[in-house]
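Participant: What follows is a single structure, and I will ask about it in a moment.
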Amino acid sequence: FFKEIYSTFIRILCAFLISIISSLILGIISANFKAVRIFLKPQISFIKYAPIIAMIVLVLIWFPKEISPLVIGTVISFPIFYDNIVGSINNIDPEIKKLIKVFHINRKDSIIKLYFPALLYNLTNIASSVFGLILKTVIAGEIYSQPKYGVGSGILNEKLTLNTQGIIAWIIIIVFFSLILDLAFRIFRNKVMFWRENG
């Protein structure tokens, strides 16, 4: 039981971190270079609008079953973070950007005092919902890929034995952990908002 939970949690956490780090890098580059943004637009749109089940099947063909759920969670969540990051940077008041140039505020200070707070605030607002989406897609990926350990594999085993109570038990466990993680994100977001308001 603990191996199932641990394996799934590690996949979800890795997918979340990989997605947010990669989207930060590409999002910041895209926000500053229009050519990159135009180049990435078709790929982002494809990932965003493609059916999740089709993406799962595609990933299962390309990757080993142990890491397929992780890849699925990363791919599905990436466009959400990417759009949020690009939007956060592009939506900063142009007048503020002009003031930065007029007063010759160096890049380091502008990043720390302007761009970073805007990104952090917007990302914390969507982190909980994206984490929930990753959780669902990773577990769905586990059901299809059937790794040795994972909540999805546990659900599939209960399904094969027609154990309805076992499936319901897994659902309750998933919801319980989701509520705990959601509460943790809310506490973190409130601290970030407090820091932002008093910064």
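Participant: Using each residue's phi in the stretch 22-34, evaluate 6.51 cos²θ - 1.76 cosθ + 1.60 at θ = phi - 60° and report the 3J(HN,Hα) Karplus result to the nearest Hz, with x for Gly and Pro.
Facilitator: Each residue of the stretch 22-34 in turn: 5, 6, 5, 5, 6, x, 5, 5, 5, 5, 9, 10, 4 Hz.
Participant: With respect to the cross-link table entries LYS41/LYS136; LYS65/LYS136; LYS41/LYS65; LYS3/LYS65, which display a Cα-Cα separation exceeding 19 Å? Numbers along the way, then the final one.
Facilitator: Working: LYS41/LYS136 26 Å; LYS65/LYS136 17 Å; LYS41/LYS65 29 Å; LYS3/LYS65 16 Å.
Check vs 19 Å cut-off fails for LYS41/LYS136; LYS41/LYS65.
Participant: Give, in nm to one decimal, the length gained when the segment between LYS159 and PHE2 is fully stretched (0.36 nm per residue of separation minus the Cα-Cα distance).
Facilitator: Details: separation 157, 0.36 × 157 = 56.52 nm, distance 1.95 nm.
Result: 54.6 nm gained on full extension.
Participant: Something else now. In nm, to one decimal, how far is the TYR49 label point from the LEU17 one, both placed 7 Å along Cα→Cβ?
Facilitator: Distance between the two pseudo-spin positions: 3.5 nm.
Participant: Kindly state, to the nearest 0.05, the FRET efficiency for PHE188 paired with VAL57, given R0 = 25 Å and r defined as their beta-carbon distance. Display every interim value, and only then the final one.
Facilitator: Working: r = 35 Å, r/R0 = 1.39.
After rounding, the FRET efficiency stands at 0.10.
Participant: Still on this structure, please answer the following. Calculated FRET efficiency, ASN125 and ILE168, Cβ-Cβ r, R0 30 Å, to nearest 0.05?
Facilitator: Values: r = 32 Å, r/R0 = 1.07.
For R0 = 30 Å, the calculated efficiency reads 0.40.
Participant: Can you compute the modelled spin-label distance between ASN32 and LYS148, with each label point 7 Å from Cα toward Cβ, in nm?
Facilitator: 4.4
Participant: At most 13 other Cβ atoms within 10 Å and a DSSP loop assignment: could you name the chymotrypsin sites (Phe, Trp or Tyr not before Pro) in the stretch 15-66 that fit? Kindly include the intermediate steps, with their values, before the conclusion.
Facilitator: Values: sites: PHE16, PHE33, PHE39, PHE46, TYR49, TRP62; in loops: PHE33.
For chymotrypsin sites (Phe, Trp or Tyr not before Pro) across the stretch 15-66 that sit outside H, G, I, E and B with at most 13 neighbouring Cβ atoms in 10 Å, the list reads PHE33.
All of the numbers you see were taken from the coordinates with simple rules; none came from a lab. Treat the numbers as computed from the prediction; the structure is a model and nothing was measured. Every residue, glycine among them, receives a Cβ derived from its backbone with ideal geometry; neighbour counts consider all protein chains shown.
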